[in-house]
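**Student:** I have a structure I would like to understand better, so I am pasting it below and will then ask my questions one at a time.
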Amino acid sequence: MQRRNFIRTISVASALSVLSNKIPAMTNGHNSSGDATQQEAAVIKPKRLKKGDRVGLVAPGSFITESELKESITNLENLGLKAVYSENILSRYGYLGGKDSQRSLDLNNMFARKDVDAIMCVRGGYGCARILPSLDYNLIKENPKILIGYSDITALINAIFKKTGLISFHGPVGISTFNEFSLYYFKNTLVEPVDTLTLWNARDENPQDLSRKVVPIRNGKATGQLVGGNLSIVVSMIGTPYDINMDGKIVFLEEVGEEPYRIDRMLTQMIEAGKFDKVAGVALGVFEKCEAKEKDPSFVSSLSLMEVLFDRLFDLGVPVIYGLSFGHVTNKFTLPVGLKVELDVDSQVIRLLEPAVC
């Protein structure tokens, strides 16, 4: 990847696009949340980013520090964007970024504000699920904008897609490292979208850490809408009104700091809840720090992360791959939740089959 790609990223300027472009979503008679009669909303694409756009910063999960806010502002300025935020941004209520009412108000207001073009979460951390009932989904649907973040933000982007059809993005947060790799996919997904974008890991990396290696678990190709995110959050949404419909979908999952038996437990819950029954394919990111720890007495007899993934996912009979570049890692894809994609395990890539923004 050349430095000129980076220069183009921070200097790009696009003409103002038309309002949301709606296309019909795939539907079927069975909904994984248990409602067989509910049909999915038509897909809504938000407007692309352009130089000078105003991006609303929010902290919908854990609290942020003043230094994290300043870092996020600097990152946006380096992208040619302007940061805006409310007086609630540095609020704190225990481990949360303010009371639920403050955090939901901030997010609702950022969608409502005509002077805000897109929304970026400063960080993840627990708390997003608490505000899902307080979001104004009709307001969001009528004011579609880019919303981006990862980790706990999984709850927001999937709930908003389910309730409104708006494509949101699993990608960098305000305090992420915006290196050339992450900027390349950020730009080509949100700023200068192309008709087909292939997401592939950097080939010049040769990590010794086995958890960073790309490992095909079951070969093949599949197409479908992209849904998913952080495994713990996806599992926590099962049985709620925001449960993710995975039928016919490409499901992407990532995790951090969970030992193999916990990964096993979460995947087993998904299997027994029928979440994988009609899935089209599974794309796994990097499961950072998810191997058994040597100090644990059960370390010697523990299954490895890869053994758990093969044991739980190979028999699904659909394409499955581990180690794609998303999750709690520096090099991040920008993944559009709700967009039609192709998972190609043989080539070790995800292909976005159409632009995610208009």
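**Student:** If you go through the stretch 65-77 one residue at a time, how many are open to solvent by 20 Å² or more (accessible area, probe 1.4 Å) and out of contact with any Phe, Trp or Tyr (no Cβ under 6 Å at 6 or more places or on another chain)? Spell out the reasoning first.
**Tutor:** Going through the stretch 65-77, the residues open to solvent by 20 Å² or more (accessible area, probe 1.4 Å) turn out to be 65-68, 70-71, 73-75, 77.
When the remaining residues are screened for being out of contact with any Phe, Trp or Tyr (no Cβ under 6 Å at 6 or more places or on another chain), the result is 65-68, 70-71, 73-74, 77.
The qualifying residues number 9.
**Student:** Separate question: On the given criteria, is Val318 open to solvent by 40 Å² or more (accessible area, probe 1.4 Å), of a type in the set (Val, Ile, Thr) and either modelled with pLDDT under 95 or assigned to a loop (DSSP other than H, G, I, E, B) (or both)?
**Tutor:** Details: open to solvent by 40 Å² or more (accessible area, probe 1.4 Å): no; of a type in the set (Val, Ile, Thr): yes; either modelled with pLDDT under 95 or assigned to a loop (DSSP other than H, G, I, E, B) (or both): yes.
Criteria not met by Val318.
**Student:** Scan the stretch 245-278 residue by residue and report those that are among the β-branched types (Val, Ile, Thr) and open to solvent by less than 10 Å² (accessible area, probe 1.4 Å).
**Tutor:** First, the residues of the stretch 245-278 that are among the β-branched types (Val, Ile, Thr): 250-251, 256, 263, 268, 271.
Residues satisfying the conditions are Ile250, Val251, Ile263.
**Student:** Which condition from (1) part of a helix (DSSP H, G or I); (2) touching a Pro at 6+ places or on another chain (Cβ under 9 Å); (3) closer than 30 Å to Met246 by Cβ is the one that Asn75 breaks?
**Tutor:** Every listed condition holds for Asn75 apart from (3).
**Student:** Right, next: Since Gly80 meets every condition but one in (1) crowded, with 20+ Cβ neighbours inside 10 Å; (2) under 29 Å from Lys45 (Cα atoms), which condition does it not meet?
**Tutor:** Answer for Gly80: the failing condition is (1).
The values are calculated or read from the model by the stated rules, or taken from the named source; none is laboratory data. Since we're looking at a predicted model, the values are computed, not measured. Note that each Cβ is placed from the backbone with ideal geometry, even for glycine, and that neighbours are counted across all protein chains shown. Accessible surface is based on the protein model in full, side chains and every heavy atom, while ligands, DNA and RNA are left aside. Shrake-Rupley method; radii C 1.70, N 1.55, O 1.52, S 1.80 Å.
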